[in-house]
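The values are calculated or read from the model by the stated rules, or taken from the named source; none is laboratory data. Remember, predicted model here, so these are calculated numbers, not experimental data. Counting neighbours? That spans all protein chains shown, and the Cβs are built from the backbone with ideal geometry, glycine included. Surface accessibility is based on the protein's heavy atoms, side chains included, excluding ligands, DNA and RNA. Shrake-Rupley method; radii C 1.70, N 1.55, O 1.52, S 1.80 Å.
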Amino acid sequence: MTMTAAVEAALPKAPFEGRHLIDGIWRGSDNGESFDRTSPSHGILVSRSARAGRAETEAAIGAARKAFDDGRWSRISGKERATLLLKVADLIEANVERMALLETLESGKPISQARGEISGAADLWRYAASLARTMHGDSHNSLGEDMLAMVLKEPIGVVSIITPWNFPFWILSQKLPFALAAGCTCVIKPSEMTPSTTVILGELLLQAGLPVGVVNIVLGFGQPVGALMAEHPDVDMVSFTGSTAVGKAIAAAASVTLKKVALELGGKNPQVVFPDADLESAADAITFGVYFNAGECCNSGSRIIVHEDIADTLVEKVVALSKKVAFGDPLNPETQVGAIISQAHQEKIAGYVKDALAAGARVKLGGAPVSHPGLPGRFFAPTVVTGVTADMAIAREEVFGPVLSVLTFRTLEEAIALTNDAAYGLSAGVWSENVHTCLAFARRAEAGTVWTNTWMDGFPEVAFGGYKQSGQGRENGHYGLEEFLEIKSVVMRVGRTRSNWVRA
């Protein structure tokens, strides 16, 4: 059987049917509308989903509000919440293949990567379960013998969770289990381009025994669904991952009711390479950092800042490695880089390269869309652009594709200035065998995560989030739980020791 025939045999025989989950009931839209998702790699119809309007969104918010207020989830013990989260983690692992296939077809990412992300997400649920049992406040027993104060931590309430298309299941798992561990109830809107694994998670939550109304899912578009989820007065918090432009719009909509907003937004993440670095390891990490998920990643290491003395050597190594990266059919387990999410996005990527060339940059590799035999989908070649200056759009804006920009420096001060000369501050990396250089850089880089001699290593225990226009708030770690908590101080007087204010 040829690979094409094998792929055809693996494709689903019918599109996945996605419906809304509202108050424990799967339902279509009142107006009967739906939307389709066609695979960006194979050109087949992958899923057909009910398209929500105001009625479905308001019903979902109402169900979450009722479920929170009556305490069916918010007032049970941490042990009970943890037990359910652990069940969900087991169910996720039991459904990896089913979800990975759908996520691969909807997003264009390689099947091996989708499997890794979905199975790895189970660990996020298990870590959140541990937080549900260990959450605690503070006590103040030093206020005098007649006073005692406590600081309590309580769930913030109803949370709107809006997720993007590039890591639909992973990013949801950086939010939802932490919100549930805190005792919140939720309304989720996945991206209209990758809705199906979120729907399957809804099935698993019900299978695990989650009380109805605690998690509700609405499928649809930013208007009206996302906008209503951000502005509705019965929503207490919005957690959003996506573009900085949309994040600003959500923050503006949420400001009407002054609800809390957590945002994980874009990045223009540098890796700074000093002359004493291990160039072989750095070149491999740079190659991984820019091509992982076809560069459609907020953490993409899309610009490198290289010391002039080693720039040519390092670029040669990166170009050589780039030629070995397996770009191609996402359903081939050997593929490392798959398809681009949409035609419009592919054109945007190509536009950045074209504009850089017009501004004087040079393409050392790639620079244009490519085709793969037997596949009708959209692919972009691995691309390395040199001669980039800090004022070019390709050096400052989020390309969100497999495109590497190369800038150079001579001093540590210049490297730090180039690193921080960006509206974003999500991640940064430094490569040097000198620990003093690494620490000096890490302290001064304006980024939420700084990697030294590595790239994109992450753990459920370690907080993730950005500076500046890369967002606000943190995910993962105990800080990820804190985002979904309100702080309440309780001050108690012991005995009848209060003096009357009104004189007798």
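Overview of values
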{"item": "Simple label model, 7 Å out from Cα along Cβ direction - residue 9 to residue 27, nm", "result": "4.3 nm"}
{"item": "Histogram of C-alpha separations across segment 224-265, 10 Å bin width, %", "result": "35, 59, 5"}
{"item": "Sum of side-chain charges, residue 493 neighbourhood, beta-carbon under 14 Å (Lys, Arg +1; Asp, Glu -1)", "result": "0"}
{"item": "Fraction of accessible area attributable to carbon and sulfur, segment 226-279 (%, probe 1.4 Å)", "result": "64 percent"}
{"item": "Mean separation of Cα contacts under 8 Å (6+ apart) over length of segment 335-416, as relative contact order %", "result": "28 percent"}
{"item": "Segment 362-504 - convex hull of alpha carbons, volume per residue in Å³", "result": "274 Å³"}
{"item": "Largest to smallest accessible area among 375, 314 [probe 1.4 Å]", "result": "375, 314"}
{"item": "For segment 36-161: rounded, prolate or oblate by the Cα gyration tensor [a/c cutoff 1.5]", "result": "prolate"}
{"item": "FRET efficiency for residue 440 and residue 308, using Cβ-Cβ distance with R0 set to 25 Å, rounded to 0.05", "result": "0.85"}
{"item": "Euclidean distance between Cα centres, segment 55-88 to segment 236-287, Å", "result": "29 Å"}
{"item": "Estimated distance in nm for a label pair at residue 389 and residue 410, the labels positioned 7 Å out from Cα along Cα-to-Cβ", "result": "1.6 nm"}
{"item": "Accessible solvent surface per residue of segment 191-237, calculated while the other protein chains remain in place, 1.4 angstrom probe, Å²", "result": "25 Å²"}
{"item": "Length-normalised contact order for the chain - Cα pairs under 8 Å, 6+ apart - percent", "result": "18 percent"}
{"item": "Between segment 470-494 and segment 304-361, the alpha-carbon center distance in angstrom", "result": "40 Å"}
{"item": "Nearest-10 value in Å² for the accessible area of residue 16, using the 1.4 Å probe", "result": "30 Å²"}
{"item": "Debye, to nearest 20: dipole size of segment 1-99, +1 on Lys, Arg Cβ, -1 on Asp, Glu Cβ", "result": "240 debye"}
{"item": "Segment residue 478-residue 370, extension gain: residue separation times 0.36 nm, minus the distance between their alpha carbons", "result": "34.5 nm"}
{"item": "Protection proxy ranking of 470-478, 159-167 - average other beta-carbon atoms within 10 Å, highest first", "result": "159-167, 470-478"}
{"item": "Volume of the Cα convex hull of segment 418-494, divided per residue and given in Å³", "result": "148 Å³"}
{"item": "Projected-area mean, segment 1-75, by convex hull of Cα positions, square nanometres", "result": "7.4 nm²"}
{"item": "Candidate aspartates and glutamates for bridging to residue 189, where Cα separation is under 12 Å - those fewer than 8 sequence places away on the same chain excluded", "result": "56"}
{"item": "Qualifying aspartates and glutamates (Cα of each under 13 Å from Cα of residue 317; at least 8 residues distant if same chain)", "result": "278, 280, 284"}
{"item": "Two-decimal Rg/Rh across the chain, once Rg and the Kirkwood Rh are taken from alpha-carbon atoms", "result": "1.02"}
{"item": "Relative compactness, segment 183-314, computed as alpha-carbon Rg over 2.2 N^0.38 Å", "result": "1.45"}
{"item": "Two-site FRET efficiency, residue 496 against residue 66, from Cβ-Cβ distance with R₀ of 35 Å, rounded to 0.05", "result": "0.25"}
{"item": "Virtual spin-label span in nm between residue 248 and residue 80, 7 Å along Cα→Cβ", "result": "4.5 nm"}
{"item": "Length released on extending from residue 433 to residue 504, taking residue separation times 0.36 nm less the Cα-Cα span", "result": "18.0 nm"}
{"item": "Extension gain, residue 17 back to residue 347 (0.36 nm per residue minus Cα-Cα distance, nm)", "result": "115.8 nm"}
{"item": "Ranked packing of 422-431, 17-26, most packed first, by mean Cβ within 10 Å", "result": "422-431, 17-26"}
{"item": "Whole-number percent relative contact order across segment 108-200, with pairs defined as alpha carbons under 8 Å at least 6 apart", "result": "29 percent"}
{"item": "Within the accessible area of segment 44-139 (1.4 Å probe), percent carbon and sulfur", "result": "50 percent"}
{"item": "Accessible surface of segment 310-437, 1.4 Å probe, proportion on carbon and sulfur as whole %", "result": "52 percent"}
